[in-house]
1. Give me a count of the residues in region 231-265 that are part of a strand (DSSP E or B) and farther than 22 Å from T77 by Cα.
2. Going by what's in this entry, would V228 be described as β-branched (V, I, T) and assigned to a helix (DSSP H, G or I)?
3. Over 18 Å from A226 (Cα atoms), outside any loop (DSSP other than H, G, I, E, B), at pLDDT below 90 and charged (D, E, K, R): is that true of D75 in this structure?
4. Taking the condition of being surrounded by 15 or more Cβ atoms within 10 Å (Cβ to Cβ) and either within 11 Å of K234 (Cβ to Cβ) or of a type in the set (F, W, Y) (or both), how many residues in region 254-275 meet it?
5. What are the residue pairs meeting all of these: first residue in region 170-183, first residue outside any strand (DSSP E or B), second residue crowded, with 24+ Cβ neighbours inside 10 Å, Cβ atoms under 7 Å, and 6 or more apart or on different chains?
6. Take V250 and decide whether it is more than 12 Å from the chain's Cα centre (by Cα) and within 28 Å of K71 (Cβ to Cβ).
7. Would you point out the residue of region 184-200, among those that are in contact with a strand residue (DSSP E or B) (Cβ under 7 Å, 6 or more places away or on another chain), touching a residue at least 24 places away in the same chain (Cβ under 8 Å) and of a type outside the set (D, E, K, R), that is surrounded by the fewest Cβ atoms within 10 Å (Cβ to Cβ)?
8. Quick one: would you say L97 is part of a strand (DSSP E or B), modelled with pLDDT of 95 or more and closer than 21 Å to K227 by Cβ?
Amino acid sequence: MNSASSRSRTLKTVGALGMAAATAVLMTGCGQSSDSATSAATSEAAKVVPQKQTTSPSASAQLTEDQQERKKVLDATKVTFDDAATTATGEVAGGKLVDLDLEGVDDDDNDQSPSPTGSGSPTGSASPTGSASPSGTASPSGTASPSGTASPSGTGSSSPSASAGADGPVWAAEVAEKDGTIHTVRINAVDGKVIEARVDADQDADDKKQTADLLAQATQTPQQAAKVATEKKKGTVTSVGLDDNEGNGVIWQVDVVGSDWKKTTFDVDAKNDTIVREETDKD
């Protein structure tokens, strides 16, 4: 009787252990299946939803319209301010530079600053906006120039390259004789060749006297003023012009475009090379 009871208890124990082992195996299998299913679902979702890719905006996209225009013109310009100044003064015997401007770089701003001759544009000729030239002839729209032949641009476009046709940007200079007579000299800013050299036809005796007086007061050259400006701000000189400092002597107004394509204008005293005003264009 005792042996039977012992065998019965042994069988019950073995059965319980077997049930426990089976349950453990079943639970392990379910866990693995669950993990596999989750992994497979994640893999499939990754195929459906692409990885997010971020791209940084290009440098040009961050520039303002004015900055992009400056970059466009300066990238095409191969002739420096110094070389253009030398070429311009070489066209007029004993001539002195009064104004030198790279066309297409902030022309609207430059046109608002009167030149020593009192004309609207730095050169005294038609501005890129297509206004009439001082000689009374048509603006550079492909019609007759003061000489009666076609103007250098040959088109009515106001783009920076229009002034020099297909040859690129242009340096426009005013060079004065000793008596103040202004000559307009336009130079190809890519190859340095002179496109046009002529006497401004609309000057009267008062205009010439004003120019001669300003030059007589300027003891510093435009090259010296440009050097002062670029020592203050590293960049490319795009314009230099002689002007009256509201009755306080004379100044060289120098525009410098930096590596950020922003333009800074310096008013440099034409007698002692000190900067009397500095302003950076926010556009």
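The values are calculated or read from the model by the stated rules, or taken from the named source; none is laboratory data. Predicted model, so just to flag it, every value in this text is computed and none were measured. Counting neighbours? That spans all protein chains shown, and the Cβs are built from the backbone with ideal geometry, glycine included. Protein only, heavy atoms only, side chains kept; ligands, DNA and RNA dropped before computing areas. Shrake-Rupley method; radii C 1.70, N 1.55, O 1.52, S 1.80 Å.
1. Within region 231-265, residues that are part of a strand (DSSP E or B) and farther than 22 Å from T77 by Cα number 6.
2. yes
3. no
4. 6
5. G180/T211
6. So V250 fails the test.
7. Among those that are in contact with a strand residue (DSSP E or B) (Cβ under 7 Å, 6 or more places away or on another chain), touching a residue at least 24 places away in the same chain (Cβ under 8 Å) and of a type outside the set (D, E, K, R), it is V194.
8. In short, yes.
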